[in-house]
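Every number here is computed from the coordinates shown, using simple stated rules; none is lab data. As the structure is a computational prediction, the values presented were derived from the model and not from experiment. Cβ: placed from backbone, ideal geometry, glycine included. Neighbour counts: every protein chain shown.
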Amino acid sequence: MGDLVLSKHHPVLMYANPQQWLDILDKVEQLDIEIIVPGHGEVYSLNALHQVRAYITDLLQIVTDAAQRNQGLDEITVPSAYQDWFFTTYFKSNLQSIYEWIEKMGKD
């Protein structure tokens, strides 16, 4: 699993394609697994995968909504669901990465 799933950790989306990440998580879930062994940390249940999927999906929606409202990314705060997660310092860079990915997808 590498760094695809870490429970209650803000993932690092700096060089990631969020849609591909979600697609990979969907494929992993189809394997009907019960336990996830990440590249770091503890062993998790499938619930950790659901948490990461929700995080990426939520950030995609947050950034899309902000762009439609012409809201700056700096104005966005960490949603309450993710405030107690580790590495909240990645939240702002994750917003920026998703924004850049959305812009790139619009140009392709």
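Counted by Cβ distance under 14 Å from E100, the other residues give a net charge of +1, where Lys and Arg count +1 and Asp and Glu count -1.
Running Debye on region 18-107 with equal point scatterers at the Cα sites and no solvent, what base-10 log of I(q)/I(0) appears at q = 0.11, 0.22, 0.26 Å⁻¹? The Debye formula, applied to the Cα set alone, gives -0.36, -1.18, -1.40. Qualifying trypsin sites (Lys or Arg not before Pro) in the chain, where qualification requires a DSSP coil assignment and no more than 15 other C-beta atoms within 10 Å, comprise K8, R69.
Please list, or write none, the lysines whose alpha carbon is within less than 24 Å of the alpha carbon of K8, excluding same-chain residues fewer than 8 places away. Counting by Cα, and skipping residues close in sequence, K8 has these lysines nearby: K27, K92. Gain on full extension, evaluated as 0.36 nm per residue between M105 and T64 minus their Cα-Cα distance, stands at 13.5 nm. Based on DSSP H segments of at least four residues, each scored -39500 (n - 2.57), the chain has a per-residue ellipticity at 222 nm of -17000 deg cm²/dmol. Here's how it looks for D3: its modeled amide H is under 5 Å from those of G39, which are all 5 or more places away or on a different chain. Loop-resident chymotrypsin sites (Phe, Trp or Tyr not before Pro) (DSSP state other than H, G, I, E or B) in region 1-48 with no more than 16 further Cβ atoms inside 10 Å of their Cβ: Y15. For region 1-98, GluC sites (Glu not before Pro) are listed when DSSP marks them as loop and at most 14 other Cβ atoms sit within 10 Å of their Cβ; the list is E34, E42. Angle, helix 18-30 long axis vs. longest principal axis of the chain, Cα atoms, 0 to 90°, nearest 10? Rounded to the nearest ten degrees, it is 20.
Over all other residues within a Cβ to Cβ distance under 14 Å of I35, the charged ones net out to -4, with Lys and Arg as +1 and Asp and Glu as -1. Between amide H atoms placed 1.01 Å from N, distances below 5 Å from H9 occur with F86, all of them 5 or more places distant or on a separate chain. Taking θ as phi - 60° and the Karplus parameters 6.51, -1.76 and 1.60, the scalar couplings of region 54-66 work out to 4, 4, 5, 4, 4, 5, 4, 5, 4, 5, 4, 4, 4 Hz in sequence order, x denoting glycine and proline.
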